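**Student:** I have a structure I would like to understand better, so I am pasting it below and will then ask my questions one at a time.
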Amino acid sequence: MPRVKGSPKKCVKTSNSHSSNNTWVFLMKGDGLDGSDGGSPDVVKLRHPATNQPAMFVFSPGDLTVQEVLTFDENKRSWFIDDNVKSDGKMHLSTPIDPIFLVLPYLRKSQHVMPLDQCLRDEDYPETQRLLRCQNLKLSLVADRRGDESLQAYKYNEEKTLAWLQKKVERVTEILRQKSVHVAQGAVSATYVKSSSKYEAGTDSEYLRYAHGIVSEYLTEELAKKLLHYLNLPDEVESKMKRKLLNPKEGPEEKRSKKEPLEIDNSSRTRALDLTKPEKPQKPLSLTKKELARQKAATGSKSISSFFKKK
């Protein structure tokens, strides 16, 4: 989801106060992560919903909320923590994420009605079960509940999922407009660049496409394409083909100046010397300063062959 600026709190977590080897520097957003409730946030590994690869997430005390951990790493950076120097200067930033994104791949993988605790069983990532306790896990938005409410048995509903994702995209679009983010094609940078008088405001489709790209960071490629068609947005390949059909003359020949027309020399194809035309005198090559100096130094000197002539 879009990274909304807030008031993150600096949190240094370490298992040994006298050593910086097991220390991480976090910028965490949210009041429930400061440990005021008697617990401390816990960093775990879960499957990333888009890549299916391991990624870092942080759960608040009691597993009420979950946040994604983003790592910023630059060369030649260190941290000074108390009286110690930590050579690993990475900075970790946590940002809230809707737990439905993390549960969605498991729901789509299950073809039948299944209790959620069984659906989220992952031998490689057992911490996935913590998502069951998240307070804002409203699976009725993307799935159909069957049976008793205490059973918590769900079946994936693609129509509901696409409608839910559409609302997410529309929400991101509103934020992009409020922030005056430049999203038109030909942008200097695809990341958050504020519009100015130099740039024109993007169209509705451009804002939707840009917001779709942000939401798709948490979707599989297949689901992202389905969402693109659900939003009535053409693929980038299709839009490029349409532009070529509408402007068939557009190309490198059109960019050539009218003062310099394209000339085709048929004689160059045969690679034969045309003796019917007088040969154009070649322009003398310009000499460099060193070559001119050598010629000046050699003025008045005899060639080496003159010493071997008969006298």
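The values are calculated or read from the model by the stated rules, or taken from the named source; none is laboratory data. Quantities reported herein were computed from a predicted structural model and do not represent experimental measurements. Cβ placement follows ideal geometry from the backbone for every residue including glycine, while neighbour counts extend to all protein chains displayed.
**Student:** How many residues are closer than 17 Å to Pro41 by Cα and either surrounded by 15 or more Cβ atoms within 10 Å (Cβ to Cβ) or within 28 Å of the chain's Cα centre (by Cα) (or both) when one looks only at the stretch 119-131?
**Tutor:** 4
**Student:** Among the residues in the stretch 218-240, are any in a helix (DSSP H, G or I), among the acidic types (Asp, Glu), at pLDDT 90 or above and not assigned by TED's automatic domain parsing to the domain that holds Phe57?
**Tutor:** Initial filter on the stretch 218-240 (in a helix (DSSP H, G or I)): 218, 221-230, 236-240.
Those left that are additionally among the acidic types (Asp, Glu): 221-222, 236, 238.
From what's left, at pLDDT 90 or above: 221-222.
Pick out the ones that are also not assigned by TED's automatic domain parsing to the domain that holds Phe57 and you get 221-222.
Yes, the stretch 218-240 contains at least one residue that is in a helix (DSSP H, G or I), among the acidic types (Asp, Glu), at pLDDT 90 or above and not assigned by TED's automatic domain parsing to the domain that holds Phe57.
**Student:** Go through the stretch 140-169 and give me each residue that's out of contact with any strand residue (DSSP E or B) (no Cβ under 9 Å at 6 or more places or on another chain) and of a type outside the set (D, E, K, R). Spell out how you get there, then give the answer.
**Tutor:** First, the residues of the stretch 140-169 that are out of contact with any strand residue (DSSP E or B) (no Cβ under 9 Å at 6 or more places or on another chain): 141, 148-150, 158-159, 162-169.
Listed by number, the residues that qualify are Leu141, Ser150, Leu162, Ala163, Trp164, Leu165, Gln166, Val169.
**Student:** Conditions first: (1) modelled with pLDDT of 90 or more; (2) touching a Lys or Arg at 6+ places or on another chain (Cβ under 8 Å); (3) buried (at least 16 other Cβ atoms within 10 Å of the Cβ). Arg108 passes all but one, so which condition is the exception?
**Tutor:** (2)
**Student:** Right, something else. Based on what the data block shows, is Asp117 in a loop (DSSP other than H, G, I, E, B), of a type in the set (D, E, K, R) and modelled with pLDDT under 95? Even if it seems obvious, please write down each step before you answer.
**Tutor:** Details: in a loop (DSSP other than H, G, I, E, B): no; of a type in the set (D, E, K, R): yes; modelled with pLDDT under 95: yes.
Criteria not met by Asp117.
**Student:** Can you pull out the residues in the stretch 49-77 that are of a type in the set (Asp, Glu), surrounded by 12 or more Cβ atoms within 10 Å (Cβ to Cβ) and outside any strand (DSSP E or B)?
**Tutor:** Residues of the stretch 49-77 that are of a type in the set (Asp, Glu), as a first pass: 63, 68, 73-74.
From the residues that got through so far, the ones that are surrounded by 12 or more Cβ atoms within 10 Å (Cβ to Cβ) too are 63, 68.
Asp63, the sole residue that qualifies.
**Student:** If you don't mind, another one. Aliphatic (A, V, I, L, M), within 19 Å of His48 (Cβ to Cβ) and in the same structural domain as Leu64 (by TED's automatic domain parsing): which single residue out of Leu102, Leu107, Leu93, Leu120 fits that description? Working first, answer last.
**Tutor:** On the way: Leu102 fails: in the same structural domain as Leu64 (by TED's automatic domain parsing); Leu107 fails: in the same structural domain as Leu64 (by TED's automatic domain parsing); Leu120 fails: in the same structural domain as Leu64 (by TED's automatic domain parsing).
Only one candidate qualifies: Leu93.
**Student:** Inside the stretch 83-113, can you point out the residues that are touching a residue at least 12 places away in the same chain (Cβ under 8 Å) and more than 30 Å from Ala143 (Cα to Cα)?
**Tutor:** Asn84, Val85, Lys86, Gly89, Lys90, Met91, His92, Leu93
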